[in-house]
Every structure is written in structure tokens, then in C-alpha cells.
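**Student:** Please read through the structure below; I'll follow up with questions.
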Amino acid sequence: MKLQRISCKTAVTGIRSRQFSTGGIQSVPQAKLNGDELLTRMLKRKWMLRVPDAEIHQIVVSPSPGSLGTGRLGSISFTNNTRPRFGGDGVVADGDGLFYVVRDDLLHPLVNGNKARKLDALLPLLTDHSVTDVVTCGGCQSAHTAAVAVSCAERGVKSHLLLRGEQPQVVTGYNLISTMYGHVNYVPRSIYACREDMLRSHADLVAGDLGHIVCCNDILEASFVDGSAGFECGPMDACMSPQRKVLIVNEGAGDVVALLGVIRLVEYLCQDHLLGKERPTKLIIDAGTGTTAIGAGLGALCLGLPWEVVAVMLADTIDAYREQERSLISDFRTRFGLPLADHCLHKVDAGIVHWVNRCYQRKFGNVLEGEIKTCQHISQQTGILVDPVYTLAAWEMATQLSFEELQRGTRVVMLHTGGTLGMFGLAQRYKSYFCTLKDG
């Protein structure tokens with residue numbers, strides 16, 4: 001999995017028989033607005049999620065003698081407090097660790113985790129802008145494409161999902177959800193490697209001779225035309241038009257509009273009765289495209305929080321993630337014109353996300369022996385299901401930091417990004433690993 005984003009300029013290139021609608025809309029007006037006012041304006045809009053709330057659980061980590069430093073979570077006990085008090089961390093035995101889990105995996109049975117957050121600001125715009133079709137892409141067991149398919153179907157919008165590789169013998173997990181709710185095409189890996197061309201070509205096919213093709217930035221900018229994040233139909237956007245209006249959504253929803261839902265989550269979490277704004281906090285996030293981590297970093301920066309976002313890299317090199325960070329921040333500032341103080345500009349230049357390797361590195365998507373057992377161990381002790389590709393990496397990092405940071409007074413928080421239906425797909429690939437779950 002390589003990080004690629006399709007830009008508005010790229011989407012226009014090579015399209016001759018289509019009308020590409022931008023409507024001449026400019027970014028958020030910047031005159032006489034300070035950072036707080038702009039942040040308020042950014043978040044004053046329609047959302048997919050009725051409220052930004054999420055459950056927060058507290059995990060007490062109790063190592064057995066000699067288990068620390070081994071990296072083996074099977075020898076560590078976990079206890080889950082589902083109703084913690086945030087005024088203090090409570091009594092923790094000597095040698096124990098402590099971290100919190102934001103249970104975004106509980107948001108929706110099919111559209112949950114960071115997938116819901118990244119679609120939070122985008123989905124209402126589909127209706128406002130009379131979008132008829134969405135084209136996006138992902139892996140065979142992509143939680144992103146499944147989330148797009150379900151969310152679009154709920155709104156009467158057709159989703160066209162380009163999945164990397166071959167159709168599995170048994171359609172299950174997120175692949176099953178994508179197939180049931182959307183229109184799936186399997187794409188050879190050689191073609192999928194050029195995501196921009198692939199998405200553009202398929203959108204061109206869906207649009208037909210008279211359709212319009214737009215990208216996320218277009219409809220995001222247009223949402224500010226009336227100053228209230230609403231939308232006014234223009235000549236090309238007649239609500240009764242029989243023509244197709246096709247929206248291209250990047251892999252993993254790696255677009256600027258995806259950042260808004262994550263910033264909204266950070267604003268919710270930093271309320272005084274929850275994590276608060278005063279205590280140093282490390283927010284642990286597993287990083288596929290890295291969009292969620294970047295959105296969290298921007299949220300912490302805009303709100304002036306003493307938070308550090310720690311992103312566990314899963315899919316690419318640190319240089320690729322840093323480039324993604326620079327690109328999204330640049331787009332964000334262009335769209336919203338958020339003025340930053342000198343010290344904030346220094347933070348942006350230095351990086352707003354701390355990118356780290358996962359405890360046991362491997363090619364993206366691979367599972368190591370023993371990790372399914374570890375996921376079972378965590379589930380049986382806490383009632384929280386993690387998967388070995390994504391959320392186990394964040395859980396391992398949170399466990400490691402829980403001992404180090406507790407002594408320093410820093411709170412450790414893991415964002416559960418969902419994705420657990422992917423376990424069904426893994427059970428097909430790693431049958432021997434799952435067979436061991438029957439052994440007691």
C-alpha cells in the first residue's frame with residue numbers, strides 16, 4: 001500500500017468530454033477572522049454523526065514478573081474500567097501501567113472507527129451537492145470502501161469500489177459488506193499501483209458523455225458559498241438534473257475534508273469533564289494512510305492542547321508519511337486560511353505527528369505467528385476486539401508507553417480505529433493461526 005492522493009488538477013487532466021465543476025468557489029473568507037473564529041466556522045456544518053461522542057474506557061496493565069521488555073502481551077494482564085473518572089487516574093498498583101481507549105469502534109455496526117470520522121463532514125455534502133455516484137478504492141478487505149458503500153446506500157448514492165487484487169473464493173468481512181452495498185470491480189495490482197489514473201478513468205466511465213466529475217475539495221469549497229457550510233444549487237447542479245455527478249474520493253478518504261471529522265473528535269475529547277485541556281497527553285493512532293493522525297495533530301494544534309499524536313506506521317516509509325503530512329496541512333491552510341502564531345508555525349514545520357515504527361515490523365497486511373492469540377487474549381480480558389493488522393499495533397504501543405508515561409504524569413490514550421470485520425478476511429488467509437484458537 002503506497003500513499004497516493006488524487007488532486008483536483010489531476011482529476012481534470014485528460015478529461016475532454018466532461019464538464020468538471022468547480023463553480024469558481026474560493027476558500028473560506030479570511031478577513032478579520034482569528035484562529036478561534038475560523039475553527040468555529042469550520043466545525044459549524046452538517047455532520048454524518050449526530051453527535052461526536054465516543055465511549056472512553058480505562059485499561060490497567062499488570063505485567064507478570066519478567067514480562068516487561070519482551071514485547072509479548074500474552075504474559076500481561078489487562079483490566080477494563082468501562083466507566084472511568086477523569087479527575088484522576090485512580091489507584092494503580094506499583095509496577096502497573098494505565099492507558100485509555102477511545103471506543104470509536106462502537107460508533108456504528110458497519111461504519112465505525114476512523115472511517116466514520118473521515119466521512120463525518122463529507123457525507124452530508126453528497127446530498128447538498130446532488131452527487132449521484134462516488135468512486136473510491138481500497139484493498140480487498142478495505143474498511144474504507146465498506147464504509148463508503150454503506151453510507152452512500154443510506155443516502156441513495158451509488159458507490160463504485162475499485163478493489164485491489166483478485167476476488168476471494170469466499171466473500172466475507174468488509175469484502176462482503178462492500179459487495180452487498182456497493183458496485184465492486186476487482187483491479188489488477190499493476191493498474192491499481194497508478195491510483196490517480198485508475199480513479200480518474202473509472203469516474204470518466206461512470207459519468208458518461210454528459211456527466212460531471214468532481215473531487216472532494218470542490219464540494220468542500222462550494223460548501224462555503226453562502227457562509228454557513230450550506231450549498232446553493234448553481235446552473236450545473238440542478239437538483240432535478242438527470243445527468244450523473246461523480247465524486248472521486250481518495251483511497252482511505254485521504255482528503256482535506258476528512259480532517260474535519262477528526263478535529264471535531266479532538267474538540268469533543270478535550271472537554272473538561274473528559275480528557276481536558278491541561279494535562280499532557282499522548283494520543284496513539286495506527287496509521288494506514290496517516291490522515292487520521294494528521295487530523296488529530298491539527299486539532300490539537302488549533303485548540304492549543306499539550307497533546308502529542310503518536311502514529312504507528314503500517315503501510316509506508318516515514319518519508320512518505322511526512323510528505324502526506326506536509327501535503328494535507330498545505331491543503332488545509334489553503335482551504336481554510338487558518339492563521340497560526342509563530343510558535344505554531346514552528347510546530348508545523350517540525351511536524352505535528354510523531355511517526356514511529358510498530359513493535360514488530362512486517363510487510364503491510366501480514367500477520368505474525370502468535371498475534372491472533374494475542375488479540376484473543378486482549379478480547380477475553382477486556383471485551384475489546386483488536387485486529388493484528390491495525391489496532392493491535394496501537395494497543396502494543398499504548399501498553400509500552402503506559403508504564404513510561406505514568407511516572408511522568410502524561411496520559412496515554414489509544415484511538416480505536418475499528419476495522420475488526422477484517423478479521424473474517426484474515427481467517428481465510430491464515431487458517432492455521434485461527435485453528436489454534438480452538439486449543440483451549
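The values are calculated or read from the model by the stated rules, or taken from the named source; none is laboratory data. Note that the coordinates shown come from a computational prediction; the quantities given were computed from them, not determined experimentally. With ideal geometry, Cβ positions are generated from the backbone for all residues, glycine too; neighbour counts draw on all protein chains shown. To get the accessible areas, we keep the full protein, side chains included, count just its heavy atoms, and leave off ligands, DNA and RNA. Shrake-Rupley method; radii C 1.70, N 1.55, O 1.52, S 1.80 Å.
**Student:** Let me have the relative contact order for segment 354-440, percent, based on Cα pairs under 8 Å that are six or more residues apart.
**Tutor:** For segment 354-440, the relative contact order is 30 percent.
**Student:** Put Thr172, Thr79 in order of accessible area, largest first, 1.4 Å probe: what do you get?
**Tutor:** From most accessible down to least: Thr79, Thr172.
**Student:** Still on this structure, I have one more. Counting each pair of different Cα atoms once, what's the Kirkwood radius of segment 364-418 in Å, rounded to one decimal?
**Tutor:** Every distinct Cα pair counted, the radius reaches 12.1 Å.
**Student:** Order the peptides 278-289, 252-263 from the highest to the lowest mean number of other Cβ atoms within 10 Å of their residues.
**Tutor:** Top of the packing list down: 252-263, 278-289.
**Student:** Please find the FRET efficiency linking Ser64 to Gln407, where r is the Cβ-Cβ separation and R0 is fixed at 35 Å, and quote it to the nearest 0.05.
**Tutor:** The value I calculate is 0.95.
**Student:** Measure of size requested: the Rg and Dmax of segment 240-312, with Cα atoms as the atom set and Å as the unit; please supply both.
**Tutor:** Spelled out, the Cα radius of gyration and Dmax of segment 240-312 are 15.6, 54 Å.
**Student:** Highest mean first, what order results for 317-325, 136-144 on Cβ atoms within 10 Å?
**Tutor:** 136-144, 317-325
**Student:** Would you please give the FRET efficiency between Asn366 and Ala193, computed as 1/(1 + (r/R0)^6) with r the Cβ-Cβ distance and R0 = 22 Å, to the nearest 0.05?
**Tutor:** With a Förster radius of 22 Å, E is 0.70.
**Student:** Ok, one more. Provide the gained length on full extension for the span Arg279 to Arg85, in nm with one decimal, where the gain is 0.36 nm per separating residue minus the Cα-Cα distance.
**Tutor:** Roughly 68.4 nm would be gained on extension.
**Student:** If amide H atoms are built 1.01 Å from N in the plane of the peptide, which residues on other chains or at least 5 residues away come under 5 Å of the amide H of Ser159?
**Tutor:** Close amide H contacts, sequence-distant or interchain: Val134, His183.
**Student:** Sticking with this one: Filter the cross-link list Lys44/Lys158; Lys46/Lys118; Lys282/Lys363; Lys115/Lys158; Lys44/Lys282 down to pairs whose alpha-carbon distance in this structure exceeds 24 Å.
**Tutor:** Lys44/Lys158; Lys282/Lys363; Lys44/Lys282
**Student:** On to the next question. Given 0.36 nm per residue, what is the gain on full extension from Asp319 to Lys46 after removing their alpha carbon distance, in nm?
**Tutor:** So the chain would gain 94.8 nm between Asp319 and Lys46.
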